[in-house]
Amino acid sequence: MNKNFKKEKLYEFLNYDKKLNLELLKDSEDLTGELRLKFLHYSAIQFNHLNWEIRDQYLELLDKFIDKKIDSFNFRIAFCERYESIEKVADLLKSNLVLLSPDKNSLNFGDLLSKIDDCCKAYSDDPEPFRNKFEIGDVEFRISIEKIYLKIQNFLKEE
């Protein structure tokens with residue numbers, strides 16, 4: 001991820017204004033330009049925080065995958081179900097104008113989960129000649145998830 005983008009996200013997080021977020025949420029359909037961008041950053045902060053709150057579930061799923069208790073296909077399904085359910089919860093909270101106070105650790109954790117989500121979207125269990133250029137197979141998927149898992153473990157040790 002681009003360093004400037006990370007700095008921008010950190011800046012948004014450090015300057016998170018719950019009152020402003022509520023105002024933006026109320027007017028979200030009519031926002032344009034900088035206000036729309038700020039609203040999207042605030043939405044990402046809320047989404048990342050929700051994911052942070054259920055980090056134990058993600059870690060349990062990752063542990064099962066790393067220990068080869070579940071295969072790539074089933075890991076992908078379980079991860080996507082969890083990730084998409086959090087998106088629905090975030091939307092439900094937004095529609096009811098409920099805002100959470102985000103945890104600073106949620107930002108980095110959310111970035112790492114986003115990378116797992118990208119891998120899941122690129123995964124294909126089709127044999128190589130039948131895959132699209134952007135798709136990855138089982139071996140590449142496993143290697144990518146293991147690398148992200150190590151980053152998550154290192155991040156959690158620093159926490």
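The values are calculated or read from the model by the stated rules, or taken from the named source; none is laboratory data. On a predicted model such as this, the values are computed, not experimentally measured, just so you know. All Cβ positions, glycine included, derive from the backbone under ideal geometry; neighbour counts span all protein chains shown.
Below are the figures for this structure:
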{"item": "Any chance residue 60 is surrounded by fewer than 19 Cβ atoms within 10 Å (Cβ to Cβ), within 14 Å of the chain's Cα centre (by Cα) and more than 26 Å from residue 10 (Cα to Cα)", "result": "no"}
{"item": "Cβ pairs under 7 Å, 6+ apart, first in the stretch 14-43 and in contact (Cβ under 8 Å) with a residue 12 or more places away in the chain, second surrounded by 14 or more Cβ atoms within 10 Å (Cβ to Cβ) and of a type in the set (Gly, Ala, Ser)", "result": "39/28"}
{"item": "Condition check for residue 90: of a type outside the set (Asp, Glu) and touching a Phe, Trp or Tyr at 6+ places or on another chain (Cβ under 9 Å)", "result": "yes"}
{"item": "Hits in the stretch 38-49 - residues which are surrounded by 15 or more Cβ atoms within 10 Å (Cβ to Cβ) and out of contact with any Gly (no Cβ under 9 Å at 6 or more places or on another chain)", "result": "38, 39, 41, 42, 43, 46"}
{"item": "Of residues in the stretch 148-159 being loosely packed, with under 12 Cβ neighbours inside 10 Å and among the charged types (D, E, K, R), the one modelled with the lowest pLDDT", "result": "159"}
{"item": "Residue list for the stretch 109-133, filter: modelled with pLDDT of 90 or more, more than 14 Å from the chain's Cα centre (by Cα) and either within 21 Å of residue 67 (Cα to Cα) or assigned to a loop (DSSP other than H, G, I, E, B) (or both)", "result": "123, 124"}
{"item": "Residues of the stretch 60-108 classified as part of a helix (DSSP H, G or I), within 25 Å of residue 16 (Cα to Cα), out of contact with any Lys or Arg (no Cβ under 7 Å at 6 or more places or on another chain) and not aromatic (Phe, Trp, Tyr), total", "result": "15"}
{"item": "Condition broken by residue 65, with the remaining ones in (1) crowded, with 16+ Cβ neighbours inside 10 Å; (2) free of Cβ contacts under 8 Å to residues at least 40 places away in the same chain; (3) over 30 Å from residue 15 (Cα atoms) satisfied", "result": "(2)"}
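Yes or no, residue by residue, for (1) under 21 Å from residue 96 (Cβ atoms); (2) modelled with pLDDT under 95:
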residue: 6; (1), (2): no, yes
residue: 10; (1), (2): no, yes
residue: 40; (1), (2): yes, yes
residue: 49; (1), (2): yes, no
residue: 55; (1), (2): no, no
residue: 60; (1), (2): no, no
